[in-house]
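Read through the structure below, which is laid out as structure tokens, and then see the notes.
The values are calculated or read from the model by the stated rules, or taken from the named source; none is laboratory data. Here the structure is a predicted model, which means the values were calculated and not measured. Counting neighbours? That spans all protein chains shown, and the Cβs are built from the backbone with ideal geometry, glycine included. Just the protein is used for accessible areas: all its heavy atoms, side chains included, with ligands, DNA and RNA removed. Shrake-Rupley method; radii C 1.70, N 1.55, O 1.52, S 1.80 Å.
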Amino acid sequence: MILITTAGKVGAEAARLLADRGERVRVLVRDLEKAAALARSGVEVVAGDLGVPATVDAAMRGVSSVVLVSPAVPAQELNVVASAVRAGVRHVVKVTSKASADSPIARRRGQAEIENGLIASGLGYTLLRNNAYMQNFFMSAPSIAGESSFGSAAGDGRLGMIDTRDVAAVAAEIALAPASHAGKTYWPTGPESLSFADAAVVLSKVLGRPIAFEPLTIEEQTQAMIDAGLPADLAAMNAQAVGLFAEGDCDYVTEDVPSILGRPARDFEQFVTDHIPPFS
């Protein structure tokens, strides 16, 4: 049995992929109704809360591997690690990002705390330090659809963006056969490093109309994220991270996805092609 700790973009896709392969997979969610589609696809969906250890322990029964993915709240994810130790779990695949205890980005400091706790636990582990997600463009979808433009404080910075579907596939593959990945840290990316101006060119090509990229200040980026529905503190943190993109923080590409999956990572053009309706 493989346990996936949330049913967000990565968790839900990983669960679906495993269920499609006939594997036993369980997902822990707060709201069973929101995971009804997963339940219909053969995933065992259980109710619980990462902040309530008893519910995590209940979900952990009979589990051999865990895909640990959540909004990077250290107390919650370390609850999962402790529960996995109690249950005798064999391996934890930690979905993470750039992590550093002295990072200016609070989320990265939190990820470092979680990673360190996992490593110290004695459990088998693999870290997936993913590059920025292509799906972050969904926050700009209303502007792209309605105004044929989008803004960002990333400037001319380039990113080796990755599709969350590939992150999910890598996590699922490792959870199924963790032995050769134990103790390793991977840096999954897409196949190319693109600037946001490059992304505008791809969007224009796929959507069949000119899409403009407009540089933003950090303050403007923060407000745009608030307007997209993010809480103010989360918007400020995300905008700060986007500002680092302009400095080349995510300008790298690896072969980790093809080496693990045996196929190329999806490129940005494929991502847009597969998600035309939100951008139209």
Quiz prompt | For Gly124, distant residues with modelled amide H under 5 Å away | solution = Val92
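Under a Cβ-only charge scheme (Lys and Arg +1, Asp and Glu -1), can you give me the dipole magnitude of the chain about the Cα centre, in debye to the nearest 20? Present the calculation step by step, with values, prior to reporting the outcome.
On the way: 24 positive and 32 negative charges, 226 e Å.
The dipole of the chain has a size of about 1080 debye.
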Exercise. May I ask you to rank Leu203, Leu176 by accessible area, largest first, using a 1.4 Å probe over the protein chains only?
Key: Leu176, Leu203
Practice problem: May I ask for log10 I(q)/I(0) of region 85-184 at q = 0.10, 0.19 Å⁻¹, from a Debye sum over the Cα atoms as equal point scatterers with solvent left out? | Solution: -0.39, -1.02
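With every protein chain present, what is the per residue accessible area of region 227-280 (1.4 Å probe, Å²)?
Numbers: 2720 Å² over 54 residues.
Roughly 50 Å² per residue, with all protein chains present.
Per residue and in cubic angstrom, what volume does the convex hull of the Cα atoms of region 1-107 have?
99
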Self-check item: Cβ-defined net charge surrounding Val257, 15 Å radius [Lys, Arg +1; Asp, Glu -1]
Solution: -3
Quiz item: Pairing the Cα long axis of helix 106-120 with the longest principal axis of the chain, what angle in degrees results, from 0 to 90 and rounded to the nearest 10?
Solution: 30
Exercise. Can you bin region 1-60 into rounded, prolate or oblate? Criterion: square roots of the alpha carbon gyration tensor eigenvalues sorted a ≥ b ≥ c, rounded for a/c under 1.5, prolate for a/b above b/c, oblate for the rest.
Key: prolate
Practice problem: Would you tally the net charge around Gly243, using a Cβ to Cβ cut-off of less than 15 Å, leaving Gly243 out, and scoring K and R as +1, D and E as -1? | Solution: -2
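Run through region 207-280 and list the chymotrypsin sites (Phe, Trp or Tyr not before Pro) located in a DSSP loop whose Cβ has at most 16 other Cβ atoms within 10 Å. Each step should come with its number before you reach the end.
On the way: sites: Phe213, Phe245, Tyr252, Phe268, Phe271, Phe279; in loops: Tyr252.
Listed in order of number, the matching sites are Tyr252.
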Exercise. State the percentage of accessible surface on the chain attributable to carbon and sulfur atoms; use a 1.4 Å probe and exclude ligands, DNA and RNA.
Key: 53
Practice problem: Any of Lys94/Lys205; Lys9/Lys184; Lys9/Lys205 with alpha carbons more than 32 Å apart? Name them for me. | Solution: Lys94/Lys205
Exercise. Rounded to the nearest 10 degrees, what's the angle between the helix 9-20 long axis and the longest principal axis of the chain, both from Cα atoms, 0 to 90?
Key: 60
Quiz item: How large is ³J(HN,Hα), in whole Hz, for each residue of region 243-256 in order, when computed from phi with the Karplus curve 6.51 cos²θ - 1.76 cosθ + 1.60 and θ = phi - 60°, using x for Gly and Pro?
Solution: x, 5, 4, 4, 8, x, 4, 10, 8, 7, 9, 10, 9, 5
Quiz item: Can you list residues whose amide H is under 5 Å from Val25's amide H, if they're 5+ apart or on another chain and H is modeled 1.01 Å from N?
Solution: Ile2, Glu44
Quiz item: Using modelled backbone amide H atoms (1.01 Å from N, in-plane), which distant-in-sequence or interchain residues come within less than 5 Å of Gly151's amide H?
Solution: Glu214
Self-check item: Karplus 3J(HN,Hα) series, Hz, for region 68-75 with 6.51 cos²θ - 1.76 cosθ + 1.60 (x for Gly, Pro)
Solution: 9, 9, 6, x, 6, 8, x, 4
Quiz item: Which value, to two decimals, describes the C-alpha radius of gyration of region 121-280 once divided by 2.2 N^0.38 Å?
Solution: 1.10
Self-check item: Rounded Å value of the spacing that divides the Cα centres of region 34-56 and region 139-200
Solution: 26
Quiz prompt | Correct option for Cα extents along the principal axes in Å [calculated from the coordinates] among [x] 53, 39, 36; [y] 87, 49, 38; [z] 58, 47, 38 | solution = [x]
Self-check item: Accessible area per residue in Å² at 1.4 Å probe, computed on region 57-165
Solution: 36
Quiz prompt | Dipole-positive endmost among Pro142, Ala175, Ile162 within region 95-241 (Cβ charges, Cα centre) | solution = Ala175
Practice problem: For region 188-198, take each phi angle, set θ = phi - 60°, evaluate the Karplus expression 6.51 cos²θ - 1.76 cosθ + 1.60, and give the result in whole Hz per residue in order, putting x for glycine and proline. | Solution: x, 9, x, x, 8, 9, 10, 7, 5, 5, 4
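Do you know the relative contact order of the chain, to the nearest whole percent, from alpha carbon pairs under 8 angstrom that are 6+ apart?
Working: 566 pairs, mean separation 50.3, N = 280.
Result for the chain is 18 percent.
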Quiz item: 222 nm [θ] for the chain, helices only, -39500 (n - 2.57) per DSSP H run of 4+, per residue, to 500?
Solution: -13000 deg cm²/dmol
